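J.: Okay, handing you the structure first.
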Amino acid sequence: MSRAHQQAGLGFALGEGWRNARASRLLGLLIAVLSAAVFGGIAVADALTVAELVTDERAWVAAGGQVLAVTNETGVPGYACEHLNGAPGVRAAVGLVHLNQRAALANAPESNLAVTGFTAGLAGFLTAPLPLDGVVMNTTAAVDFGLTSGQRLGLSLADPSDANPAPDPTKPIVADAASRRATPGTRVLTVADLSILGEEYSAGVALPIAAAGTVDTCMVWAEPGAKDTLMASLPGLLPGAGDKPTVVADRLVTGQFTRDYHAEYLARSWRWVPLAGGAALGLIWILIRWVRRSEDGLYQSLGAPRAQRALARLIEWTLYSLVGAAVAALGADLTLALLRPGASMQVHLVRSIALGLAASITTAALAGLLPARNPLDALKDR
């Protein structure tokens, strides 16, 4: 076949596909509505599943799921801990010390709060700016005392009283840390969510300390995917002052019920459903073409070869599907905005609809393999 004949055949298929789509108003409307419902429904279900996983993972990360606690019976070198900030795979690192002092607030003289010392790396764990000589208090404690960020807070510090003769035995204090003392005075208060550090270090008040000497714990916030590597390398990077081994543990307790969010994302039930939904729609078109194969018989009687007839029908179906996909994209986006505002799941919506559309068109293309009805029988039916 010459190139001119090929171009003419392509023009015939394109023209017939477009004209058939315009002429089949009721059928086209039903197919477009059905396609929109299938594409959009599956896309919304998949996006909601992903949004739920993202929400759970963010809560897990905020609670310390990516944080490692590095300890040693002889203390962890504070400077080496602070120096981890900016290292590959480390989002933030802070040295923490349980100071052998109790704190009383000016507006609550009987408060008797625990005192924690922190190095400058704490700023990497907070969203609020951290004053150089301020005091940090967890959000829940600040609410209890009626305090807000930015106000100046009078702070009294003293060694444990007779009512508290010794530090809490669940909060080990190494020798170097035990000698540290913070100075009382009026400081600028920063209220922040310290839950990522755990209850052990988020209770009471936290004051800045120098990174010199040793600290009780070095909290290291790992970047995604770097946690296992850091667990293996941190014992060598943060050795103790003596011969005791450095222990690296998850800040959150892990076990057999610990969730793997990435694995759940890859194995989610709705991930490949768009392919099945699109294929089901394509099968509907194959059924329609089998019932209406007499129309292809008429094209055959006019000399239209099989390839042109198949292409014309595929173009017709593609037009219906594209309209359905466009409606599905708009409807799914609006639905998700109502159900999960701010979820930003457009990428997953587009992916799901695109997969469904591709499966639908690919399956519908098989209709071109159906045999046309005998032209004479087709003409008799007319």
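The values are calculated or read from the model by the stated rules, or taken from the named source; none is laboratory data. Keep in mind it's a predicted model, so treat the numbers as computed, not measured. Cβ atoms come from the backbone with ideal geometry, glycine included; neighbour counts cover every protein chain shown. What goes into the accessible areas is simple: the full protein's heavy atoms, side chains included, and nothing from ligands, DNA or RNA. Shrake-Rupley method; radii C 1.70, N 1.55, O 1.52, S 1.80 Å.
J.: Inspect the range 101-115 for any residue being modelled with pLDDT under 95, under 25 Å from residue 266 (Cβ atoms) and open to solvent by 40 Å² or more (accessible area, probe 1.4 Å) and give the result as yes or no.
T.: From the range 101-115, those modelled with pLDDT under 95 are 101-115; that's our starting set.
Checking the rest, the ones that are also under 25 Å from residue 266 (Cβ atoms) come to none.
No, there is no match, as no residue in the range 101-115 is modelled with pLDDT under 95, under 25 Å from residue 266 (Cβ atoms) and open to solvent by 40 Å² or more (accessible area, probe 1.4 Å).
Conditions (1) open to solvent by 80 Å² or more (accessible area, probe 1.4 Å); (2) within 30 Å of residue 50 (Cα to Cα); (3) part of a helix (DSSP H, G or I); (4) modelled with pLDDT under 95, marked per residue:
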residue	(1), (2), (3), (4)
312	no, no, yes, yes
328	no, yes, yes, no
336	no, yes, yes, yes
354	no, yes, yes, no
366	yes, no, yes, yes
371	no, no, no, yes
376	yes, no, yes, yes
379	yes, no, yes, yes
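J.: Go through the residues of the range 223-230 one by one and say whether even a single one is modelled with pLDDT of 90 or more, of a type in the set (A, V, I, L, M), in a strand (DSSP E or B) and crowded, with 22+ Cβ neighbours inside 10 Å.
T.: no
This table checks each residue for (1) among the small types (Gly, Ala, Ser); (2) closer than 30 Å to residue 247 by Cα; (3) out of contact with any Lys or Arg (no Cβ under 7 Å at 6 or more places or on another chain); (4) assigned by the TED database to the domain that holds residue 340.
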| position | (1), (2), (3), (4) |
| --- | --- |
| 26 | no, no, yes, yes |
| 33 | no, no, yes, yes |
| 39 | no, no, yes, yes |
| 47 | yes, no, yes, yes |
| 51 | yes, no, no, yes |
| 54 | no, no, yes, yes |
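J.: Okay, next question. Restricting attention to the range 333-353, report how many residues are among the hydrophobic types (A, V, I, L, M, F, W, C), within 23 Å of residue 322 (Cα to Cα) and in contact (Cβ under 8 Å) with a residue 12 or more places away in the chain.
T.: Step one: list which residues in the range 333-353 are among the hydrophobic types (A, V, I, L, M, F, W, C), which gives 334, 336-339, 343, 345, 347, 349-350, 353.
With within 23 Å of residue 322 (Cα to Cα) added as a condition, the list becomes 334, 336-337, 345, 347, 349-350, 353.
If we keep only those that are in contact (Cβ under 8 Å) with a residue 12 or more places away in the chain too, we end up with 336, 345, 349-350, 353.
Qualifying residue count for the region: 5.
J.: Still on this structure: Filter the range 231-262 down to the residues that are in contact with a Leu (Cβ under 8 Å, 6 or more places away or on another chain) and not in a loop (DSSP other than H, G, I, E, B), then identify the one that is least open to solvent (accessible area, probe 1.4 Å).
T.: Restricting to residues being in contact with a Leu (Cβ under 8 Å, 6 or more places away or on another chain) and not in a loop (DSSP other than H, G, I, E, B), the top hit is 234.
J.: Would you mind stating whether residue 120 is open to solvent by 60 Å² or more (accessible area, probe 1.4 Å), in contact with a helix residue (DSSP H, G or I) (Cβ under 7 Å, 6 or more places away or on another chain) and not acidic (Asp, Glu)?
T.: Working: open to solvent by 60 Å² or more (accessible area, probe 1.4 Å): yes; in contact with a helix residue (DSSP H, G or I) (Cβ under 7 Å, 6 or more places away or on another chain): yes; not acidic (Asp, Glu): yes.
Criteria met by residue 120.
J.: Select, from 169, 184, 131, the only residue that is modelled with pLDDT under 90, assigned by the TED database to the domain that holds residue 241, out of contact with any strand residue (DSSP E or B) (no Cβ under 7 Å at 6 or more places or on another chain) and not small (Gly, Ala, Ser). Spell out how you get there, then give the answer.
T.: On the way: 184 fails: out of contact with any strand residue (DSSP E or B) (no Cβ under 7 Å at 6 or more places or on another chain); 131 fails: out of contact with any strand residue (DSSP E or B) (no Cβ under 7 Å at 6 or more places or on another chain).
Going through 169, 184, 131 in turn, just one is modelled with pLDDT under 90, assigned by the TED database to the domain that holds residue 241, out of contact with any strand residue (DSSP E or B) (no Cβ under 7 Å at 6 or more places or on another chain) and not small (Gly, Ala, Ser): 169.
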